[in-house]
Amino acid sequence: MASRPVEPDPSVWWERYGYRLEPRPGATTTDQRHAGPEGPGEHVGAVGSTGDRSPITSQQQDGTPGTAGELSSETILRARPDEPASGWRRAVLRATGGLVNPGPSPAEVQWRDQLHRIRHPLLQSHRIAVTSIKGGVGKTTVATLLGLVMAENRGDRVIVLDANPDAGTLADRLTGESSVTVRELLRDIARIHSWTEVSRYTSLAGRLQVLASEQDPASSDAFNREEYEAICELLDRFFNIIITDSGTGLVHSAMEGTLKLADSIIVVGAPTVDGAGRASKTLDWLHAHGHAELASEAVVVLSCDRVSAEVDRARISEHFTTRCRAVVELPHDPHLATGGRVELARLRPSTRHAAYRLAALMADRFVTSQQPSPDATAGPQ
């Protein structure tokens, strides 16, 4: 029987064999000859070779054992080429069995970027107000599209609130259900303590929660600033994104609460003389009444339901670009023009792209880190 080979003495192992993993300081020619044909510091089959195995980390070279954190998907999986999702590029990829990969088109790359921005994580709830000093320009349509896109492409909770004191039509555009309204929620607000209880007062359009406005104009005037603030305080506890479809009266009591609590704002106008002029006056009013920061960070949406060749649309866009953060043109769409329920799948591609661009712009302002409070930064008094 062959004798069992003698195990090397651990105390002298590194001195005898360590050069096979890395050259010793001041290695001699004899050491280099023992290193094999691969040269100093390399050894076939050893960790740290020039083959397919991963190189030794600096910790391992120092003799410190590695950790489980080193075995992540980024370090052990080979990178895969980016593949197109649709179109002729996808057809070429499938027809050649993956041998020819033209990659995603610039439009697809831009689309993925917008989805990534829309899915921006949130640390705290974010309130978006959709407003205009002029009615009939598509304010409710914009709030509807924004809510649907946000809810469909995010994993958190999104709600759209109809704060129009004049029997708003938001619920009609989304669910058609307005038997339970914000008035009932206000009546029972002291008894609501869970998500299940809140959901009794909302209707559902896909993944979007909808809180309808009071449909009786005689009682809707009672929805004032204090009640709006109470509603938002409750919704903040259960929803990540709160979109408010406000009325056209900027001096209305509920509108005061909307602007006070808004984290960002959308001003809706139209590429017409009256539509553009009213949107610009809305910005003027915000600047004059202590909301200059909201106005400068606002996004203006130009609803192109009414267009005329006599109107210089480029001049209108240029005007608002100098006054706010961004301008989005919402094209005319037959599906939206019906005034019925809105479904993203039935929109024209250009309209859908505009809605996604608007959602991405609003998500760019989401707070992702804890902001220090003024009391914390002011120091002791």
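Some observations on this one:
- The stretch 223-297: relative contact order in percent, alpha carbon pairs under 8 Å with at least 6 residues between: 27 percent
- Once the chain from Glu83 to Glu297 is taken as fully extended at 0.36 nm per residue, the excess over their C-alpha distance is 73.4 nm.
- Relative packing of peptides 330-336, 76-82 - highest average C-beta neighbours within 10 Å first: 330-336, 76-82
- Peptides ranked, highest mean first, by Cβ atoms within 10 Å: ranges 235-245, 84-94: 235-245, 84-94
- Between His319 and Val273, full extension at 0.36 nm per residue minus the direct alpha carbon distance yields a gain of 15.3 nm.
- Label-point separation, Thr96 to Asp156 (7 Å along Cα→Cβ), nm: 4.2 nm
- Note on the stretch 282-373: with charges restricted to the Cβ of Lys and Arg (+1) and Asp and Glu (-1), its dipole about the Cα centre is near 300 debye.
- Separation in nanometres of the label points that stand 7 Å from Cα toward Cβ, at Arg191 and Asp284: 4.9 nm
- Between Ala68 and His116, the modelled label-to-label distance comes to 3.0 nm, taking each label 7 Å out from Cα in the direction of the beta carbon.
Quick note: the coordinates plus some simple rules give every number you see, no bench work behind them. Keep in mind that what you see is a predicted model, and the values were worked out from it rather than measured. As a convention, Cβ positions derive from the backbone with ideal geometry for all residues, glycine included, and neighbour counts pool all protein chains shown.
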